[in-house]
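> Submitted below is the structure of interest, expressed as structure tokens.
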Amino acid sequence: MRGMLIGHLSDTHLGAAPYGLEERERDFYRAFDEAVDRMIEEGVDLVIHSGDIFDSPRPGGDALAGLARALMRLKDKGIPFFFTLGEHDVSRLGGLPSPMLYQEVGLARYLPDGEMVKWGGLTIVGFHKRRRSEVQSLKDKLAALAPPEGKKVLVLHQGLKEFHEYAGEMNHLDLPRDFDYYAMGHLHDRCGRKFDELKGPLQYPGSTEATSLEGIREHHKGFYLVDLSGDEAKPEWMELKSVRKQASYRVRIEELREKVESLVEELKREGGRPMLHFEVSGDGEDVDQARVSAILKLLDGYDLYHDFDIVPQDGVEGRVLLERPPDIDEKMAELSGQVLGGKERADYAVGELLPLLKEGKVDEALESLWSAYKAERFGGS
């Protein structure tokens, strides 16, 4: 097989608007556009997306149009776009997933679950996201894979326990061992490694922009270029330059005004309107929300958004969000199982019902409940 260069990205979450900010929604389109344009500049032969293309299974018009424009640029260059589905791409009430529309019009190619897709001398096998209760069936399908000789890429939107305690549903030993590259999605921080038991490297590119569940902190976002021309796949990390700057500061209340004034001067020079988070500590009544808010108001017009936590003097972290996993649903289900009387009920409540209610889709939530009741999913109790 001639030399081949793959662009691998994941978790673009088009349509997301963290903190309800329209500018943040545009950030996600900007990051995705940069990734696509740089892949074209680098001369990739194909692009693989490992799932969670959209942030919602029913994306708005801007998200749909943004993806279409990027895919048309790839098509004009003769670069195919292969994808699998993440949990954000699929409605729990069924229906055609939105990314599939682009296959219907010839702009993208879905990797049918577990089927071997041939492109040139390359075989690509993809599996859409499985919930924790469905993982065993996925493991069985992975164990039964018998791909042909030649270069092979496996595409999965699953968490591995080696990289994340809470978001991991399986481990690397559950994967087939003879693929040249493992294109992973689902974890939002870049990570990966070469396991002795697997032929090729396994990489998570992470999200291309920071979602609200990732917290306000310094982020490095990007994608991989994967060179398959040699005996071993060589992934190269490409950091995106357009990602909005974010930062978190820990500061004592008596030093807060000086810190903020310094940041304002810096932002006057550099611009950029970052996202900022402050953890403010102090003694007793000196630290109150009104005082902190008044000082941080100096940032208005220079940053895009800021918030703060008042933290204990003993150094305990004040923001639980920064310690949460990218897939907080899994941990919530684990903790709520005992309250709801079993893991199956908890998985349904957290994984299916709660997302609908969070989006204000009360009618769909009621429909889901009625369907579950008719199907006797949870027995008669």
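A short reminder: the numbers here are calculations on the coordinates, not readings from a lab. Predicted model only: the values in this text are computed from it and were never measured. Positions of Cβ are backbone-derived with ideal geometry, glycine not excepted, and every protein chain shown enters the neighbour counts.
> Using 0.36 nm per residue, how much length does the chain from Ser242 to Glu42 gain when fully extended, once their Cα-Cα distance is taken away?
Once the chain is fully extended between Ser242 and Glu42, it gains 70.3 nm.
> If you don't mind, there's one more thing I want to ask. Quickly rank 70-79, 47-56 as a protection proxy: mean count of other C-beta atoms within 10 Å, highest first.
47-56, 70-79
> What is the projected area of the convex hull of the Cα atoms of segment 214-274, averaged over all directions, in nm²?
Averaged projected hull area, Cα only: 6.3 nm².
> Can you figure out the FRET efficiency of Arg269 with Gln136, using R₀ = 45 Å and their beta-carbon distance, to the nearest 0.05?
Efficiency at R0 = 45 Å is approximately 0.20.
> Between His220 and Asp286, what is 0.36 nm times their sequence separation minus the Cα-Cα distance? Round to one decimal in nm.
Contour length minus Cα-Cα distance gives 20.2 nm.
> So what are the ³J(HN,Hα) numbers for segment 57-70, from phi and the Karplus equation (6.51, -1.76, 1.60; θ = phi - 60°), rounded to whole Hz, Gly and Pro as x?
x, 10, x, x, x, 4, 5, 4, 5, x, 5, 4, 4, 5
> So, one more: Arranged by the count of other C-beta atoms within 10 angstrom, fewest first, what order do Thr123, Thr12 take? Can you show the working numbers first?
Values: Thr123 19, Thr12 31.
Result, fewest neighbours first: Thr123, Thr12.
> Under a 5 Å amide H to amide H cut-off, with H placed in plane at 1.01 Å, what residues pair with Asp178 once short-range neighbours are removed?
Under 5 Å from the amide H of Asp178 lie the amide H atoms of Lys199, each far enough along the sequence or on another chain.
> Right, next: Quick one: work out the % antiparallel among DSSP beta bridges in segment 123-271, nearest 5.
40 percent
> Mean separation of Cα pairs under 8 Å and 6+ residues apart, divided by the residue count of segment 5-239: what relative contact order is that in percent?
Across segment 5-239, relative contact order equals 21 percent.
> Take the residue pairs Lys118/Lys152; Lys151/Lys221; Lys129/Lys199; Lys77/Lys241; Lys199/Lys234; Lys259/Lys297 and return only those whose Cα atoms are more than 18 Å apart.
Lys151/Lys221; Lys129/Lys199; Lys77/Lys241
> Using a 10 Å cut-off around each Cβ, can you sort Asp300, Asp286, Asp89, Asp33 from fewest to most neighbouring Cβ atoms?
Ascending number of Cβ neighbours within 10 Å: Asp300, Asp286, Asp33, Asp89.
> Within a Cβ distance under 13 Å of Arg26, other residues only, what is the Lys/Arg minus Asp/Glu net charge?
-4
> Okay, next question. Normalized C-alpha radius of gyration of segment 5-239, against 2.2 N^0.38 Å?
0.94
> Met100: net charge of surrounding residues, Cβ under 14 Å, Lys/Arg +1, Asp/Glu -1, itself excluded?
Once positives and negatives cancel, what remains is -1.
> Would you grab the residues whose amide H sits under 5 Å from the one on Leu14? Only those 5+ places off in sequence or on another chain, please, with H modelled 1.01 Å from N.
The answer is Phe54, Asp55.
> Ok, one more. Show me the ranking of peptides 128-135, 217-224, 100-107, 3-10 by mean Cβ neighbours inside 10 Å, starting with the highest.
Numbers: 128-135: 17.9, 217-224: 19.9, 100-107: 13.9, 3-10: 22.6.
Result, highest mean Cβ count within 10 Å first: 3-10, 217-224, 128-135, 100-107.
> Ok, one more. Order of Val36, Val153 from fewest to most other C-beta atoms within 10 Å? Could you put the intermediate results ahead of the total?
Working: Val36 25, Val153 28.
Lowest count first: Val36, Val153.
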